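Here is the structure we will look at, set down as structure tokens.
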Amino acid sequence: MKRTHLLPFSMVLAGLALASCSSSTTEGSAADTAEVMQGRGLDLANLDTTVRPCQDFYQYANGGWLKNNPIPASESRWGSFNELAEKNNAVLRELLTEAASNTTAAAGSATQLVGDFYAVGMDSVAANNAGLNPIKPELDKISAAKTSDDLISAVADLKTKGVSGFFSMYVSQDDKVSTQYALQAGQGGLSLPDRDYYLKDDERSKTIRTEYVKHLQNMFELMGEDAASAQKKAQTVISIETRLAKASRARVDLRDPYANYNKMTIQEFTSQNPNLKVNLLLNGMGATAAKEIIVGQPDFFKELNSMLKNVPLDDWKTYAKWHLARTAAPYLSQDLVQENFNFYGKVLSGAQEMQPRWKRVLRSADSALGEALGQLYVQKTFSPEAKQKALDMVNNLQEAFKEHVRDIDWMGEETKERAMQKLQSFAVKIGYPDKWEDYQGLQINRESYAANVMRASQFAFKDNIGKIGQPIDREEWFMSPPTVNAYYNPSMNEIVFPAGILQPPFFDPNADDAVNYGGMGAVIGHELTHGFDDQGAKYDFEGNLKDWWTKADLEKFNARAEAVADQYNKYTVLDNLHVNGKLTLGENIADIGGLNIAYSALQKALAEKNPGKIDGFTPEQRFFLAWAQIWRVNMRDEAQNQQILTDPHSPGRFRTNGPVANMPQFYKAFNCKQDDAMVRNEEQRIKIW
């Protein structure tokens, strides 16, 4: 799925507490409103004034906050997104608790669905008593497999229930024919976050692999195996996954949409991978309507096909049982929940203790029933007036972007015209869907937490596979309303902003324009720019993967993109671990472009109403401070290591400093000098959009 987010899905959080208002004295015009003079959205206590803004702007803007906000024991990182997620969590917990107490809600209503889901999710006694029973039918089906056909039938069944393993397969828009859905197949089957965890020889990677094998052994023992058998099965799993990792493409290579578009008929895919028993697989998944398939990584399937022939059936059964247990573990008995956390929470992410149960069940409810929960959430938190103000800001940012395109000095008129056409074709979604998801047919009750999760996964899978041959649903959302995130979808050519992020410190209708444009305005600009980053620029105004650039302009664009990669490659994290400029290229282009566009939009707003200084800062200074506070974050080393290896987003320090170091507007706002650390030489400064 090719959606580009402000944060990756793995970092999506569900709730927060806003930046406090400052009570410092204010310099400004007599026309300042009382609310604006309070300096909403920025707290001067968050600054570190021992550092000059032109020396390290991230530290200057956030040093006080970083010092006073240690990472909670249950978290691997703590920043603005977490703070807002915590605020949302408080609202969602209240809504879920209220729904759970309602035992007379109409069957199938949002209240019944989320109420029953939350109630049984919170029943840890029932989960402990059930043990492995919720997944026993699936375990038994795997155990009963006598032939390769039986194995594939079991795999198909597991796929419909949201179980990881083997490969990925789903339906989304055809990259080159955006008016059609297509069955997509891609690499997968790994339990560690990335192929490099299996292949790298540095001490950190080797330690994680050692701990992973211990975790596998512990899980198999919890599933009833004796120590010797569990140890053997653990080695079986890591052996299979290491082979799959070696056949997998690196994350940078996965960013090339052309290289990952290999369309063929089902018959061709079948003939290339006879051991995958494609017809049997598709029948079990309910995908027999597919006549074609887009294969992301053919070499991966070539290796998987070979492995299905030469890896013993019993080894595959062991591997399948592991992935079933891994997927279900967070919803089962406490011993499995704890062991799952010990590895994925502690070893991989650095968290010291598990989040409280209510928070874990809340996150699960949002994942399983996002739009049912979202209906209750927006009724309580997101007014039509707030939605209109956010839409007005989007329109202002789009107009500023158009001016940037018109003024670009490196792009020819032919490409400019097509870029303008794409900008004018953007679809915008704000807050929540106009048409809510219909959960008719989904059975959610108070009998089994794990069974509810599995049925919700089945419902979502069936809905996704059922799109084959259907018209494109342009009303569909890929994030729930409470989500603190945003995304751009190139095939839809749309930008989407859930209600969860349209709150302070990102967006505050009562704050001054500078804070809102430095926060939400830059977020909007970020998503708009994704339509023109090194990936988005490959899609035309209709969402098709299609070359719409002149050759000369594309060469100029690529040269500028290369300069962005070079800039970020030089940033160091954790000793000698560097930011991967190629992996983070799209997000860095979006950050640089989005901030420039938001600055231009702010200047238009200030032309109509300039409040002067607030808390001693000019609007331009407050704009950049608002940008910096979005990315403030304390992270554990384990989480930071995982981010560098797997995340297309740069760490917060460089999301702040990287863009502003290229902006003369920033130099002017803080009176920076040429020899200051935040000032790049003129020939090095990057401005694409």
Note on D647: of the conditions (1) out of contact with any helix residue (DSSP H, G or I) (no Cβ under 6 Å at 6 or more places or on another chain); (2) touching a residue at least 12 places away in the same chain (Cβ under 8 Å); (3) farther than 25 Å from A537 by Cα, unmet is (3)
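Every residue, every condition in (1) at pLDDT 95 or above; (2) surrounded by 15 or more Cβ atoms within 10 Å (Cβ to Cβ); (3) touching a strand residue (DSSP E or B) at 6+ places or on another chain (Cβ under 9 Å), yes or no:
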residue	(1), (2), (3)
V428	yes, yes, yes
Y432	yes, yes, yes
K435	no, no, no
A450	yes, yes, no
Q458	yes, yes, no
D463	yes, yes, no
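Conditions (1) among the acidic types (D, E); (2) surrounded by 20 or more Cβ atoms within 10 Å (Cβ to Cβ); (3) closer than 21 Å to P664 by Cβ, marked per residue:
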| position | (1), (2), (3) |
| --- | --- |
| A537 | no, yes, no |
| K546 | no, no, no |
| K551 | no, no, no |
| L554 | no, no, no |
| I592 | no, yes, yes |
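Yes/no matrix, rows are residues, columns are (1) under 17 Å from the mean Cα position of the chain (by Cα); (2) closer than 30 Å to K291 by Cβ:
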residue: N464; (1), (2): no, yes
residue: K467; (1), (2): no, yes
residue: P481; (1), (2): yes, no
residue: M492; (1), (2): no, yes
residue: I501; (1), (2): yes, no
residue: P504; (1), (2): no, no
residue: F507; (1), (2): no, no
residue: D513; (1), (2): no, no
residue: V523; (1), (2): yes, no
Taking only pairs six or more apart or across chains, which ones have beta-carbon atoms under 8 Å, a first residue in the stretch 342-356 that is more than 19 Å from Q643 (Cβ to Cβ) and in contact (Cβ under 8 Å) with a residue 60 or more places away in the chain, and a second residue that is among the β-branched types (V, I, T) and buried (at least 18 other Cβ atoms within 10 Å of the Cβ)? M354/V337
Please determine whether any residue of the stretch 517-533 is buried (at least 24 other Cβ atoms within 10 Å of the Cβ), among the small types (G, A, S) and not in a helix (DSSP H, G or I). yes
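Name the helices (runs of 4 or more DSSP H) wholly inside the stretch 586-689 in which the number of residues that are of a type outside the set (G, A, S), within 23 Å of the chain's Cα centre (by Cα) and modelled with pLDDT under 95 is 3 or more. Break it down into steps so the answer makes sense when it comes.
Values: elements: 619-630, 637-646, 652-660, 664-669.
In the stretch 586-689, 637-646 are the helices (runs of 4 or more DSSP H) which contain 3 or more residues that are of a type outside the set (G, A, S), within 23 Å of the chain's Cα centre (by Cα) and modelled with pLDDT under 95.
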Picking from A130, A106, A156, the residue that is in contact (Cβ under 8 Å) with a residue 24 or more places away in the chain, aliphatic (A, V, I, L, M) and either within 21 Å of A372 (Cα to Cα) or touching a Leu at 6+ places or on another chain (Cβ under 6 Å) (or both) would be A156
Would it be correct to say that K246 is of a type in the set (D, E, K, R) and under 23 Å from T288 (Cα atoms)? no
For residues in the stretch 139-166 being within 22 Å of the chain's Cα centre (by Cα) and surrounded by fewer than 20 Cβ atoms within 10 Å (Cβ to Cβ), which is farthest from L254 (Cα to Cα)? K161
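Among the candidates G612, G594, G616, G581, single out the residue that is of a type in the set (G, A, S) and farther than 27 Å from D513 by Cα.
Numbers: G612 fails: farther than 27 Å from D513 by Cα; G594 fails: farther than 27 Å from D513 by Cα; G616 fails: farther than 27 Å from D513 by Cα.
Step by step, each of G612, G594, G616, G581 is checked, and only G581 is of a type in the set (G, A, S) and farther than 27 Å from D513 by Cα.
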Given (1) free of Cβ contacts under 8 Å to residues at least 60 places away in the same chain; (2) under 20 Å from R680 (Cα atoms); (3) surrounded by fewer than 15 Cβ atoms within 10 Å (Cβ to Cβ), number of the condition H578 does not satisfy: (1)
Find all pairs meeting these conditions: Cβ atoms under 9 angstrom apart; at least six residues apart or on different chains; first residue within the stretch 318-330 and over 15 Å from S457 (Cβ atoms); second residue in a helix (DSSP H, G or I) and at pLDDT below 95. none
Tell me which of these A511 doesn't satisfy, since it passes every other one: (1) surrounded by 24 or more Cβ atoms within 10 Å (Cβ to Cβ); (2) in contact with a Leu (Cβ under 8 Å, 6 or more places away or on another chain); (3) at pLDDT below 95. (2)
Looking across the stretch 231-255 at residues that are in a loop (DSSP other than H, G, I, E, B) and of a type outside the set (K, R), the single one that is nearest to N580 (Cα to Cα) is V252
Filter the stretch 588-636 for residues that are of a type in the set (V, I, T) and in contact with a strand residue (DSSP E or B) (Cβ under 9 Å, 6 or more places away or on another chain) and give the result. I630, V633
Does S20 satisfy being in a loop (DSSP other than H, G, I, E, B) and at pLDDT below 95? yes
When you check S448 against the structure, is it over 18 Å from Y170 (Cβ atoms) and in contact (Cβ under 8 Å) with a residue 60 or more places away in the chain, yes or no? yes
Those residues of the stretch 161-207 that are free of Cβ contacts under 8 Å to residues at least 60 places away in the same chain, farther than 28 Å from K277 by Cβ and part of a loop (DSSP other than H, G, I, E, B) come to a total of 3
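Consider M393 carefully, then state whether it is under 20 Å from G519 (Cβ atoms), of a type in the set (A, V, I, L, M, F, W, C) and assigned to a helix (DSSP H, G or I).
For M393, the condition - under 20 Å from G519 (Cβ atoms), of a type in the set (A, V, I, L, M, F, W, C) and assigned to a helix (DSSP H, G or I) - is met.
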Selected residue (criterion: nearest to G162 (Cα to Cα)) from residues of the stretch 331-343 that are within 24 Å of the chain's Cα centre (by Cα) and crowded, with 20+ Cβ neighbours inside 10 Å: Y331
Within the stretch 53-93, restricting attention to residues that are surrounded by fewer than 17 Cβ atoms within 10 Å (Cβ to Cβ) and not in a helix (DSSP H, G or I), which residue is farthest from the chain's Cα centre (by Cα)? Q55
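Only residues that are surrounded by fewer than 17 Cβ atoms within 10 Å (Cβ to Cβ), assigned to a helix (DSSP H, G or I) and not β-branched (V, I, T): list them for the stretch 210-230, please. Give the derivation first.
In the first step, residues of the stretch 210-230 are kept if they are surrounded by fewer than 17 Cβ atoms within 10 Å (Cβ to Cβ); the result is 210-211, 213-214, 224, 226-229.
With the extra rule that they be assigned to a helix (DSSP H, G or I), the set shrinks to 210-211, 213-214, 227-229.
Passing the criteria: E211, K214, A227, A228, S229.
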Check E221 against each of (1) farther than 22 Å from P648 by Cα; (2) out of contact with any helix residue (DSSP H, G or I) (no Cβ under 7 Å at 6 or more places or on another chain); (3) acidic (D, E) and name the one condition it does not meet. (2)
For D196, indicate whether it is charged (D, E, K, R) and surrounded by fewer than 16 Cβ atoms within 10 Å (Cβ to Cβ). no
Scanning the stretch 114-145 residue by residue, those assigned to a loop (DSSP other than H, G, I, E, B) and under 19 Å from H323 (Cα atoms) turn out to be G131, L132, A144, A145
What number of residues within the stretch 538-582 are over 23 Å from the mean Cα position of the chain (by Cα), among the basic types (K, R) and assigned to a loop (DSSP other than H, G, I, E, B)? 2
Could you tell me how many of the residues in the stretch 546-560 are farther than 22 Å from Q398 by Cβ and either among the aromatic types (F, W, Y) or in contact with a helix residue (DSSP H, G or I) (Cβ under 6 Å, 6 or more places away or on another chain) (or both)? 1
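The values are calculated or read from the model by the stated rules, or taken from the named source; none is laboratory data. The model shown is predicted, which means the values in this text are computed figures rather than measured ones. Neighbour counts run over all protein chains shown; Cβ positions are idealised from the backbone, glycine included.
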